[in-house]
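Remarks on the structure that follows.
Coordinate-derived values only; no laboratory data. Bear in mind that the values here come from a model prediction, so they are computed numbers and not experimental data. Note that we place each Cβ from the backbone using ideal geometry, even for glycine, and neighbour counts take in every protein chain shown.
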There are 2 protein chains.
Amino acid sequence: MDPNISLLFEKLIKGDRVALGQAMTLVESERDEDRKKGIDLLELCEKKLQAHDPSIRLAISGSPGVGKSTLIEAIGLKAVDQGRKVGVITIDPSSSLSHGSILGDKSRMAGLSTSPSAFIRSSPAGSVLGGMGRRSHEMITLLAAVGYDLILIETVGVGQSEHTSWQFTDGFILIVQPGGGDELQGIKRGITELADIVIVNKADGELKGLAMQTRNQYQTALHYFSPLREGWEPKIVTCSALEGSGIDEVLDLIRLYHSIRLKNANLEIERKRQKTSWLSWSLEITSKQLLMNHPMVRHSLAEAFAEIENDNLSIFKSAFEIENMIKALIHSTNSNSGS
Amino acid sequence: MDPNISLLFEKLIKGDRVALGQAMTLVESERDEDRKKGIDLLELCEKKLQAHDPSIRLAISGSPGVGKSTLIEAIGLKAVDQGRKVGVITIDPSSSLSHGSILGDKSRMAGLSTSPSAFIRSSPAGSVLGGMGRRSHEMITLLAAVGYDLILIETVGVGQSEHTSWQFTDGFILIVQPGGGDELQGIKRGITELADIVIVNKADGELKGLAMQTRNQYQTALHYFSPLREGWEPKIVTCSALEGSGIDEVLDLIRLYHSIRLKNANLEIERKRQKTSWLSWSLEITSKQLLMNHPMVRHSLAEAFAEIENDNLSIFKSAFEIENMIKALIHSTNSNSGS
């Protein structure tokens, strides 16, 4: 192993924040040389975690406008007050169209980002695939090995992409806003069904009454779902990130959730499932990129694009033909239809 | 060409609904034999559309709880009243966890589903990739060729997946609910920035005042975005699917949008972009599936899964090794790093 990597690991576990930033940059790099070093570093972290892992890793999901980042900051600051180390993995909200955001992550979580017991890492939106950063699992591994015990992973999107982040985390927190609970009967189950904890945010001012109604609607709806986690029924709380109310209750719930998941070793079993899911997901991304970047595929695609430009093509036929080319590119493949 | 396919096409363009259902099932099939037939059928449709295409294809997006399906039904019914033919492509809301929904699509859009001028097709949630059904583009092509002139595509998720559906449609309608406009300044731009029309739904009862506030907040926010479409500035309307108010205005906006997009042939240009995007996306999915289903990859993955079970593995190292195997499986590939 590269002696620099051993040294970096030593610094990391001593709590060196600069080293942590460097380590994250290393594992995010796609250069072959960096990847090898990054993997050595991650292997040291994995060994440390096998002996002792104090962390709970929670996906935080919610539609735009529900106050996700404000609430993450409120929860994070309160957890720091209680002596916890808080790691936050977010997606840089920079629009992928205009390549720039008015406000960056530092100003989204201004208080938390300056706390010595918190570490916020933003992945660029461009590296997000299916709701998770390409290297989020690596980030989580680094944070946990260094001793961050509350790791919050902000997800992007509501829907299919939530399934991805659900697979890689220990618990799923859904943030909703007052109103909207009325459509829960069967129709929008998909995402709510994943939630271990539902937080009705913005339970303040004129929305307070509506928040209580929404809470009750979710409470009823959650009863219809079969429990996903042994020994845990999904809980629902109201809170206000703005007024700071209900945040203690959220942290109590997280602590309770963690302790129950640790019982009967069912968190340990699930961590293994997280690893297998991550491995598959990661290889799917690689597979896609390798074939789409293959010179022959690129060439055929470029030709097809030119034909589309000239109105000269059935794209469905063309897709079928390039599909067959891709099949022929792979060594000794079975003649399965790729389904 | 298979004479049955010519026959099916003849039935289709005569407005035979049973034939349309059969055609959709055919193009959704993954069997090689069906795929060839389906592609022949789609080629006939493409030729018809090249001569004349009356359709506008709109992605309808919004977070769970904003009343998306109720609003789609209200818009669809009103459009039918006005003499339009309405095609709706939705995702079956059946939870992918419990494999069943309390209410199906028929009861979600009970009125529209019985209208002879409307056709609703649900894709199973399992076939959704990145917010779109695997064969949504095929469905759209069939509907447009048959003469459905208002095609509404319900999207899944808010975030990355919205980009996918944005790429394959002519316009993007974002449905929001009252409240939540306050976070628009820079933070949640990504999705709002895509919208050509924003609808503030639930502008009824006690939420009416808040709806107007939200409308104004979006109005202000939309000014900050650079226009995505030549000659069109994003518009925002309030409406109530419940009371039926504002629906006429939505349809007027859609008609105006369509006519402006047709001017200067910029819809024609964009349709070509839709085709290139669809081709890439479709081939990415195929690439991923082919390699992940390769016997050697499956074997190595199964081995890695067993090692994970025995706590006997660095998954990051293992991912790297299987990645290298995948690289070696592809004929005469360049030694690029797959990024």
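Among all the aspartates and glutamates, which ones have a C-alpha under 15 Å from A:Lys78's C-alpha, if same-chain residues fewer than 8 places away are not counted? Straight-distance partners of A:Lys78: A:Asp149, A:Glu243, A:Asp248, A:Glu249, A:Asp252.
Working note: Cα atoms of the range A:1-51, range along each principal axis, descending, whole Å: 28, 23, 18.
Measuring against 21 Å, Cα to Cα, the residue pairs A:Lys11/A:Lys85; A:Lys11/A:Lys36; A:Lys68/B:Lys235; A:Lys68/A:Lys275; B:Lys37/B:Lys288 contain A:Lys68/B:Lys235; A:Lys68/A:Lys275; B:Lys37/B:Lys288 as the ones spanning a longer distance. About the centre of its Cα atoms, the range B:1-51 shows a dipole size close to 240 debye [charges on the beta carbon of Lys, Arg (+1) and Asp, Glu (-1) only; nearest 20 debye].
Straight-distance candidates among the lysines for linking to B:Lys272, with alpha-carbon spacing under 18 Å and chain neighbours fewer than 8 residues away dropped: A:Lys317, B:Lys47, B:Lys48, B:Lys263.
Each of B:Val200, A:Val27, A:Val66 has some number of other Cβ atoms within 10 Å of its Cβ, and from fewest to most they run A:Val27, A:Val66, B:Val200. A label point on A:Lys272, set 7 Å along the Cα-to-Cβ line, lies at 5.6 nm from each of its counterparts in the other copies, closest listed first.
Per residue of B:269-280, what is the mean number of Cβ atoms on other protein chains within 10 angstrom of that residue's Cβ? Working shown, then result.
Numbers: counts 1, 0, 2, 6, 3, 2, 11, 7, 0, 4, 10, 5.
Shielding by partners across B:269-280 averages 4.
Note on B:Asp2 and A:Arg271: the model spin-label points, each 7 Å out from Cα along the C-beta direction, lie 5.3 nm apart. Between the amide H of A:Gly179 and those of A:Thr214, distances stay under 5 Å, these residues lying 5 or more places away or on another chain, with hydrogens modeled in the peptide plane. Position A:Leu242: other-copy label points at 2.1 nm, ordered by increasing distance, label point 7 Å along Cα→C-beta. The label-point distance for A:Lys317 and B:Met325, in a model that sets each label 7 Å from Cα toward Cβ, rounds to 4.0 nm. With neighbours defined as other Cβ atoms within 10 Å of a residue's Cβ, the residues A:Phe225, B:Phe172 order from fewest to most as A:Phe225, B:Phe172.
For the pair B:Glu243 and A:Lys14, label points projected 7 Å from Cα toward Cβ lie 6.7 nm apart. Nearest-to-axis residue of chain B, judged by Cβ, for the B-to-A rotation, with distance in whole Å? Closest Cβ on chain B to the axis mapping it onto A, in Å: B:Ser63, 2. Label-point distances for A:Glu309 to the equivalent site in the other copies, using a point 7 angstrom along Cα→C-beta, read 5.3 nm when ranked shortest first.
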